[in-house]
1. Please list His146, His98 from largest to smallest accessible area, probe radius 1.4 Å, with all protein chains kept in place.
2. Compute the signed sum of charges (Lys and Arg +1, Asp and Glu -1) over the other residues within less than 10 Å, Cβ to Cβ, of Pro104.
3. What number comes out for accessible area per residue over the chain if the probe is 1.4 Å? Units Å², please.
4. About the Cα centre of the chain, how large is the charge dipole given +1 on each Lys and Arg Cβ and -1 on each Asp and Glu Cβ? Please answer in debye to the nearest 20.
5. Sum up the charges of everything whose Cβ sits under 14 Å from the Cβ of His143, counting Lys and Arg as +1 and Asp and Glu as -1, but leave His143 out.
6. Can you tell me what percent of all Cα-Cα pairs in region 220-282 are more than 17 Å apart?
7. If I take every Cα pair under 8 Å that is 6 or more residues apart in the chain, average their sequence separation and divide by the length, what percent do I get for the relative contact order?
8. Going toward the positive end of the dipole of the chain, with +1 on Lys and Arg Cβ and -1 on Asp and Glu Cβ, which of Tyr47, Ser147, Val283 do you reach last?
Amino acid sequence: MKRPIEKNMRLDRLLRNIAREGVKVYLLIWNAPNVGVSLHSKYVVDYMNTLHSNITALSHPGITPFAWSHHQKFVVIDDEVAFIGGIDLCYTRYDDKHYRITDPTGIYFPGRDYSNLNYSGEDNGPTKLETIDRKKTPRLPWHDVHSVVDGMAAYDAATNFIQRWNHAMASENNRKAFLMPVSLDTQPPQVYEGFSKKLYSNCEVQILRSSCMWSCGIQLPEQSIYKAYLGAIKSAKHFIYIENQYFITTISRMRPKNRILNALYERLHKAIKEKEKFRVVVVLPVYPARSLD
């Protein structure tokens, strides 16, 4: 978590230490398919469950997904603060403003944390095992976006987790660890005291998600992320900036079903027709996550 490495700042040790202090920790881990990548989610779940009785981990969904995931990556603390974004809590994701491409001694990126996904996969394995030769191959710098929110936005993130957690527990016929949200009548979300005063305050924030039967047990799929994309593109006044690891969309084909590209086309068509000064910028990596071979 910190670099250079501090002994007790590795994620598993950090969670174990706060669990010893009485904090309840719940981990919901994606049951990834072992096709092209071996994340060994069962091993991760079993290992985390051995660390302390206050730590409960499970993987979901029970049926290995091959064509879908909701890609949710977030941490909620006391229903009061939530960290939401694109960062996986795993090897190879750490970076800082220096974006180092070399680390000969392993002081910043030890073991398999020194990685280049263009030359090696993302398989889980021994911590100290190096997946590429750091003397010959540069590491791949990591650029990602994450956000932190508090108040009602954090409460919504907590509610989303609780809904998914309880559905996962019910899927396993295990009702011993069902969770309940904090009552807003007795304990409304607080402004997190750990925030710097330099951060923005009094912002209007809306939490969006994708959700359906397999992930939350709800009959009618929720597409608030998709609907927000379409609405934002349609109402854009001057420019649209899109940055993503993947940009998979279409205008009229059956697959994929989303019509983000069609929305961009319609907005650009309107701008050209009305002679507006309007721009669309899309930034994508040259190699999203594939071998250069």
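The values are calculated or read from the model by the stated rules, or taken from the named source; none is laboratory data. A quick note: this is a predicted structure, and the numbers were derived from the prediction, not measured. Cβ sites come from the backbone with ideal geometry, for glycine too, and all protein chains shown count toward neighbours. The area values use the complete protein model at the heavy-atom level, side chains included, leaving out ligands, DNA and RNA. Shrake-Rupley method; radii C 1.70, N 1.55, O 1.52, S 1.80 Å.
1. Details: His146 80, His98 110 Å².
Result of the area sort, largest leading: His98, His146.
2. On the way: positive: Arg134, Lys135; negative: Asp103.
Computed value for this residue: +1.
3. Values: 20040 Å² over 293 residues.
Result: 68 Å² of accessible area for each residue.
4. On the way: 39 positive and 29 negative charges, 178 e Å.
In total the dipole reaches around 860 debye.
5. Details: positive: Arg93, Lys97, Arg100, Arg139; negative: Asp88, Asp95, Asp96, Asp144, Glu243.
For residues surrounding His143, the net value is -1.
6. Values: 837 of 1953 pairs.
When all Cα pairs of region 220-282 are counted, 43 percent exceed 17 Å.
7. On the way: 373 pairs, mean separation 41.3, N = 293.
Across the chain, relative contact order equals 14 percent.
8. Comparing the listed Cα positions along the dipole, Val283 ranks first.
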